[in-house]
There are 2 protein chains.
Amino acid sequence: MKLSEAKQQFIASWGAFGTHWGINRTMAQVHALLLISPDPLTQDDVMEQLSVSRGNANMNIRELIDWGLVDRVIVPGERKEYFTAEKDIWKVATQIIKERKKRELDPMMKLINQLSTVEGDKKDKETKAFLDTINGIKKFGEQADKTLDTMIKSEESWFLSTMLKMFK
Amino acid sequence: MKLSEAKQQFIASWGAFGTHWGINRTMAQVHALLLISPDPLTQDDVMEQLSVSRGNANMNIRELIDWGLVDRVIVPGERKEYFTAEKDIWKVATQIIKERKKRELDPMMKLINQLSTVEGDKKDKETKAFLDTINGIKKFGEQADKTLDTMIKSEESWFLSTMLKMFK
DNA sequence: CTGAATTTTCAAAAATTAATGAAAATTTGT
DNA sequence: ACAAATTTTCATTAATTTTTGAAAATTCAG
């Protein structure tokens, strides 16, 4: 398989993959493109290589920056902004976990905690079933919360172990 | 907060939550409804309680059965089919992980393995960057694959122990 | 300060995804 | 085997999400 073909394949598949995870296709494609680019790219590079409009490229690049997956790079003597993606896939995973935890797990747990205060007779079948479900989710969420925090915090030690692996 | 209000809240939020995970709103709502129902429900119960059409209810119930999250229940002396959801949230999580692994991780790894055979000079910057990314994903995927298999096979306290192993 | 380069916004259009509901198919009791 | 009950299908419609591109805002060199 030729490189150009493999690149296209990777970008297309990463985009399709993203849609299964609530991420829009273009955003995932921009991320894929930056992941395999040795040097930072400009918005125009992204527009051209993915055949998307200026507005679309801009929105999705900013969204990736929000997610902490892409950084702006200043190139001395250049007016345009350049963008680059974090290449260490373990760091990418950590960052995604961190953001999704913040955006999804935390609000869900807040809601579950509210719902667990529902008034009603615990002898009532409907009430009991509701509370059993809510409390099950609560316990699960608390465990997930702790575990994910541990994972997120241990980031630095992964970096170290990754570096060690690199040199042997 | 009253039970009826809490139920509505839970169903609506679970539905919204689902959309962040590539699951359609109605499917997540049907799941939520069955999770908090002490007894099995019929398609008509689902249609009525969620105000959705027959076709929609039918499609989403079947999809949940495909995912292994909902079962048909035979009620003796009744013509209609009844449906019930697995209530143990740890089992629910395991089942979802199992299915997503099969539907998403496995195909992605197949693609990555193909792409890692790309021809080209490893001295070329573009080729090197591509292969570095692909190989990084490959290693990550292999580790994730093992870890998820362990999680699927083991009971209860898998979450913390396996996750910690993954990152050390 | 000026104006050209660049980035950002956002209303409208396009594309995608989900829902409806009637018809077709299937199941089951008699 | 019949027919009523129930489930499933799927073409059409509706809702949602994404993309476009031109205008507005911003940045920055001279």
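The values are calculated or read from the model by the stated rules, or taken from the named source; none is laboratory data. As the structure is a prediction and not an experimental result, all values here were calculated from the model. Cβ placement follows ideal geometry from the backbone for every residue including glycine, while neighbour counts extend to all protein chains displayed. Please note that ligands, DNA and RNA were not included when accessible areas were found on the heavy atoms of the full protein model with its side chains. Shrake-Rupley method; radii C 1.70, N 1.55, O 1.52, S 1.80 Å.
A Cβ distance below 7 Å, combined with a sequence gap of six or more or placement on separate chains, defines the contacts here; from region B:11-30, residues that are away from DNA strand D (no atom under 12 Å from the Cβ) reach residues that are among the β-branched types (V, I, T) in the pairs B:Q29/B:I11; B:V30/B:V46; B:V30/B:I61.
For region A:62-88, the set of residues classified as more than 14 Å from every other protein chain (Cβ to nearest Cβ), assigned to a loop (DSSP other than H, G, I, E, B) and either touching a Gly at 6+ places or on another chain (Cβ under 8 Å) or open to solvent by less than 50 Å² (accessible area, probe 1.4 Å) (or both) consists of A:G68, A:V75, listed by residue number. Whenever a residue of region B:114-137 is under 17 Å from A:S13 (Cβ atoms), its partners that are surrounded by 14 or more Cβ atoms within 10 Å (Cβ to Cβ) and among the aromatic types (F, W, Y), lying with C-beta atoms within less than 7 angstrom and at least six residues away or across chains, give the pairs B:L115/A:F10; B:V118/B:F130.
Considering the conditions (1) within 13 Å of DNA strand C (Cβ to nearest atom); (2) part of a loop (DSSP other than H, G, I, E, B), A:D45 is excluded by exactly one of them, (2). Inspection of region B:124-131 identifies at least one residue that is in contact with a helix residue (DSSP H, G or I) (Cβ under 6 Å, 6 or more places away or on another chain), more than 16 Å from DNA strand C (Cβ to nearest atom), over 23 Å from A:L131 (Cα atoms) and open to solvent by less than 30 Å² (accessible area, probe 1.4 Å).
Answer yes if at least one residue in region B:102-113 is within 30 Å of B:A57 (Cβ to Cβ), within 16 Å of DNA strand C (Cβ to nearest atom) and facing another protein chain (nearest Cβ under 7 Å), and no otherwise. Yes, region B:102-113 has at least one match.
Is there a residue in region A:116-126 that is at pLDDT below 95, outside any helix (DSSP H, G or I) and assigned by TED's automatic domain parsing to the domain that holds A:D39? Within region A:116-126, none of the residues are at pLDDT below 95, outside any helix (DSSP H, G or I) and assigned by TED's automatic domain parsing to the domain that holds A:D39. Within region A:13-34, restricting attention to residues that are within 14 Å of DNA strand C (Cβ to nearest atom) and more than 10 Å from chain B (Cβ to nearest Cβ), the residue that is surrounded by the most Cβ atoms within 10 Å (Cβ to Cβ) is A:V30. If you check A:K91 against the conditions, is it surrounded by 13 or more Cβ atoms within 10 Å (Cβ to Cβ), at pLDDT below 95 and farther than 19 Å from B:F10 by Cα? So A:K91 fits the description; yes. Test B:I65 against the criterion of being near DNA strand D (Cβ under 10 Å from one of its atoms), touching a helix residue (DSSP H, G or I) at 6+ places or on another chain (Cβ under 7 Å), at pLDDT 95 or above and β-branched (V, I, T), and give yes or no. Criteria not met by B:I65. Scanning region A:1-35 for residues that are farther than 24 Å from B:T117 by Cβ, in a helix (DSSP H, G or I) and aromatic (F, W, Y) returns no hits. Residues in region B:132-149 that are open to solvent by less than 20 Å² (accessible area, probe 1.4 Å), more than 8 Å from chain A (Cβ to nearest Cβ) and within 15 Å of B:I112 (Cβ to Cβ): B:G141, B:A144.
When you scan region A:48-61, how many residues do you find that are away from DNA strand C (no atom under 11 Å from the Cβ) and outside any loop (DSSP other than H, G, I, E, B)? The total comes to 3. For region A:35-61, the candidate set comprises residues that are open to solvent by 30 Å² or more (accessible area, probe 1.4 Å) and within 13 Å of chain B (Cβ to nearest Cβ); within that set, the residue that is nearest to DNA strand D (Cβ to nearest atom) is A:Q49.
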